[in-house]
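The values are calculated or read from the model by the stated rules, or taken from the named source; none is laboratory data. All values derive from a computational prediction rather than experimental measurement. Using ideal geometry, Cβ is built from the backbone for each residue, glycine included, and neighbour counts are taken over all protein chains shown.
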Amino acid sequence: MPEHPRLYEDLAAGLRELTTLLLCTTDTAQALRRTADTTAQMLPQRPLVAVTLDRAGQAITEVSSQTPGTLSARLKDSHEYGPGRACLHSRTPVTVTDVASESRWDLEWLRAEGVRSVYWHPLRATHEAVGALGLYSREPVVSDPQIRLAIQMTAEHIGALLGATIHGAAQAAMIAQLDQALVSHAVVDQAVGVVMAQRGCDPDTALAILRRASQNSNRKLTDLAASILASAHRVRPEPGGGRR
């Protein structure tokens, strides 16, 4: 009989929840926090969980909500030192079996908080490392083969989902940039029309006038165009102006 009879049921339910939440959000910090919370509930030891996303050398770490306040701030910086940093740099699992006897890093502050063992596992999307999953437990966190397998499966699933989240966030940013570019283009086009009406010139000449004014005033072309439109709107006569 399995030592943890509900382990795989909890794991399956947790992975379904992770799939739903990570595929339905482009808020990176929120996705990491909820991933940490769900992972903490999936594992029998209910460890404290840190999830780090590392993109182009810029890392962000969020921790599970049950993490005590005294630990929360330090664990959010866990990608900068100790086993978390080692895992991110080596792209391999890092285990601290007993923080009291650990010689690679000074983890006395963890022991003072009741943490006995630490385990960090890399997160990969396809073949690309995207971060790491950290577990802090009052028990030996990877001594049980069933729990170790569950952690590995969870890390693989989170890595794939974070990869999809990153892709979704990149697409959302690209769409936002495209929308802004379209708006800016429309503003400049309208300002060109105003200059054409004022100067009696063709579109190319009007655009050249705007660009020259932008350079001379050290203002962005879109900002200058917006101010021209605002001025034109202010001086536009009211319908029926001059009549009583």
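Determine if the range 80-97 includes at least one residue that is touching a helix residue (DSSP H, G or I) at 6+ places or on another chain (Cβ under 8 Å), under 13 Å from L135 (Cα atoms), among the aliphatic types (A, V, I, L, M) and assigned by TED's automatic domain parsing to the domain that holds L133.
Yes, there is a match, as at least one residue in the range 80-97 is touching a helix residue (DSSP H, G or I) at 6+ places or on another chain (Cβ under 8 Å), under 13 Å from L135 (Cα atoms), among the aliphatic types (A, V, I, L, M) and assigned by TED's automatic domain parsing to the domain that holds L133.
Hey, among L161, L229, L224, L207, which residue is in a helix (DSSP H, G or I), modelled with pLDDT of 65 or more, of a type in the set (A, V, I, L, M, F, W, C) and assigned by TED's automatic domain parsing to the domain that holds T126?
Numbers: L229 fails: assigned by TED's automatic domain parsing to the domain that holds T126; L224 fails: assigned by TED's automatic domain parsing to the domain that holds T126; L207 fails: assigned by TED's automatic domain parsing to the domain that holds T126.
After ruling out the rest, the residue left standing is L161.
Would a scan of the range 40-60 turn up a residue that is assigned to a strand (DSSP E or B) and of a type in the set (S, T, N, Q)? Before the answer, list the steps.
Here is the first cut: in the range 40-60, the ones assigned to a strand (DSSP E or B) are 48-55, 58-60.
Among the residues that remain, those that are also of a type in the set (S, T, N, Q) are: 52, 58.
So far as the range 40-60 goes, yes, one or more of its residues are assigned to a strand (DSSP E or B) and of a type in the set (S, T, N, Q).
I'm trying to understand the selection: among the residues of the range 119-134, which are crowded, with 20+ Cβ neighbours inside 10 Å and under 20 Å from the mean Cα position of the chain (by Cα)?
W120, H121, P122, L123, V130, G131, A132, L133, G134, listed by residue number.
Being at pLDDT below 85 and among the hydroxyl-bearing types (S, T, Y) narrows it down to one residue among T52, T26; which is it? Outline the logic, then answer.
Values: T52 fails: at pLDDT below 85.
Checking each option against the conditions leaves just T26.
Hey, could you check the range 72-106 for residues that are aliphatic (A, V, I, L, M) and surrounded by fewer than 19 Cβ atoms within 10 Å (Cβ to Cβ) and say which is farthest from D27 (Cα to Cα)?
Here is the first cut: in the range 72-106, the residues aliphatic (A, V, I, L, M) are 73, 75, 86, 88, 94, 96, 99-100.
Those left that are additionally surrounded by fewer than 19 Cβ atoms within 10 Å (Cβ to Cβ): 73, 86, 100.
Working: A73: 20, A86: 26, A100: 37 Å.
Here the answer is A100.
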